[in-house]
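A quick write-up on the structure given underneath.
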Amino acid sequence: MTSRIIKVEPFDLVVFGGTGDLAYRKLFPALFHRDADEQFTEPTRIVGVSRRPLDSEEFRASVKDALWKFGGVKDGAEPVVERFLQRIDYAAVDATGDNGWDKLKALLDGDDKVRAFYLATGPDLFGPIAKKLAANGLVTAKARIIVEKPIGKDAASAAAINDELGSVFAENRIFRIDHYLGKETVQNLMALRFANALFEPLWNAAHIDHVQITVAETLGVEGRGAYYDGAGALRDMMQNHMLQLLCLVAIEPPRSLDADALRDEKLKVLKSLEPITAANAAAVTVRGQYRAGMAEGKSVPSYLDDLGKEASDTETFVALKIGVANWRWAGVPFFLRTGKRLPQRFSEIVVGFRRVPHAIFESNSDGIPANRLVIRVQPDEGIKLWLMIKEPGAGGMRLKHVPLDMSFAKAFAGLSIDAYERLLMDVVRGNATLFMRRDEVEAAWRFIDPIREAWAQIREPPRPYAAGSWGPAASIALIERDGRTWNEEFE
Ligand code: BG6
């Protein structure tokens, strides 16, 4: 099977933070793969921008290194790499000063070509760069801007950044990336819900008992300690990726896949989240911080040692029990957990259905296990629907819990593309469906801010957990208090 490539119109893409980690690890490899698949139309140019005084040749050499290191370039692809590198230029620009803007302008084509500015920088530079783009006459009719999370660190700072961006770019020209929305299986969640008649009648509190969303990582904070220590898991993962996943599980069917139709529905979910405040935070939140332990067979240091600090109250693990106060979801808890240095790297959504109302089969004291729909976002993307069947053979009516197993990873091997590849092409097409609108980002912060305030009031430090464990025991207690368990049927 091959995938169908729809070409995009020619574009100029300017990457601020062009010598940074995100650019080298994700953006240039993503662009390279789209180019290698012949998705670009000539003349398409990419310009890296940073403060460093490099010339274009030196910059191309650094991108080439990055492609070989992080880009999954296959042997024999040298000519395609060379063709890609020829699209690349570099401008040393002082993002908040006056130097370099003329050179950047000279590298870009005219008004009728799509022009995209990717700000792979800290959020403090989003507003200042947008203003400089305007002041230097770089914002053409087809210009658009792409910003990475985090958009601020709370609702107030996000609103300030959004105001600054909005003073230069119309809302439909601002593309706020949440790369989870570009992941293949996350879109499959929408296909599953809205392209199949089977699930929708069951997709509500009458039939669904609870929902779990886990994003587990084995890595620690790596080289990102300075950023991470000021953020923590709640702001780094919950405010954006995890709440976006929750939204896609919980939304009402949108009128269409039109960007605003989908985002209107997500916004309604965000506004329906039951507030977590000092009154209930102790009962419905758990935060943890990893200590030394074992990860992937190696002993690894604690968070504090990773940071080189004596003390920190930043959480590297968080679990929440969230209610969605509307007709569809009243009384259905959503359990979300995410953490660094957990035993396995995986992201999944588990929809736990209600048990059968009356048992006609003999079973053990726990009764007949309920059906579960497990949507594996990564790795080994796929969907499993756990059903009860009769165990084959003689010996009476014995039941067994087995999965109907659909592995996208096997069925469509090699076809799935990285989230950034998809999202970058969507920007060129001007399709904002998979990007966050201003009001969504701010509504997500309005849910998150009171949780941080509650933690500050409660003044309990994060609970310790050993690296390589599933987080603090309190996270298991959080879900078990409600008579549910975290899904452990991984194989
Ligand atoms: C980023 C977070 O947004 O997502 C990181 O800042 C996290 O801390 C990463 O590691 C996870 O992304 P993925 O695609 O590897 O699951």
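Nothing in this text is a laboratory measurement; each read-out follows from the coordinates by a stated rule. Model, not experiment: these values are computed from the prediction. Every residue, glycine among them, receives a Cβ derived from its backbone with ideal geometry; neighbour counts consider all protein chains shown.
What the table below lists for this structure:
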quantity: Base-10 log of normalised Debye intensity for the stretch 28-176 (one unit scatterer per alpha-carbon) at q = 0.15 Å⁻¹; calculated: -0.86
quantity: Within the stretch 207-223: backbone nitrogen closer than 20 Å to the Ala409 label point (7 Å, Cα to C-beta); calculated: 213-220
quantity: Electrostatic dipole magnitude of the chain [Cβ: Lys, Arg +1; Asp, Glu -1; Cα centre; debye, to 20]; calculated: 700
quantity: Length gained when the stretch His207-Asp102 is fully extended (0.36 nm per residue, less Cα-Cα span); calculated: 31.7 nm
quantity: Dipole moment magnitude, nearest 20 debye, the stretch 262-338 about Cα centre, only Lys, Arg, Asp, Glu C-beta charged; calculated: 380
quantity: In the stretch 54-134, lysine pairs closer than 30 Å at Cα, eight or more apart or cross-chain; calculated: 14
quantity: Under 14 Å, Cβ to Cβ, from Glu440 - net charge with Lys/Arg +1 and Asp/Glu -1; calculated: +2
quantity: Per residue convex hull volume, Cα atoms of the stretch 341-491, in Å³; calculated: 209
quantity: Cα convex hull volume per residue for the chain (Å³); calculated: 175
quantity: Label-point separation in nm, Ala135 to Asp109, each point 7 Å along Cα→Cβ; calculated: 2.9
quantity: Shape box of the stretch 93-199 [Cα atoms, principal axes, largest first, Å]; calculated: 58, 35, 20
quantity: Virtual spin-label span in nm between Lys390 and Ala77, 7 Å along Cα→Cβ; calculated: 5.2
quantity: Cβ-based exposure ranking for Tyr118, Tyr24, in which fewest neighbours within 10 Å come first; calculated: Tyr24, Tyr118
quantity: Kirkwood estimate for the stretch 195-237, i.e. one over the average of 1/r between Cα atoms, Å; calculated: 14.0
quantity: For Leu478, net neighbour charge (Lys/Arg +1, Asp/Glu -1) across residues whose Cβ lies under 13 Å away; calculated: +4
quantity: Kirkwood Rh in Å, taken over all unlike Cα pairs in the stretch 257-414; calculated: 20.0
quantity: Kirkwood hydrodynamic radius of the stretch 68-149, Cα pairs, Å; calculated: 14.8
quantity: Order of Ile145, Ile479 - criterion: other Cβ atoms within 10 Å of each residue's Cβ, fewest first; calculated: Ile479, Ile145
quantity: Computed FRET value (nearest 0.05) for Asp380 with Glu171, which takes r as the C-beta separation and R₀ as 30 Å; calculated: 0.20
quantity: Principal axis box of the stretch 213-312, alpha-carbon based, largest edge first, Å; calculated: 51, 33, 24
quantity: For the stretch 94-224: relative contact order, % (alpha-carbon pairs under 8 angstrom, 6 or more apart); calculated: 20
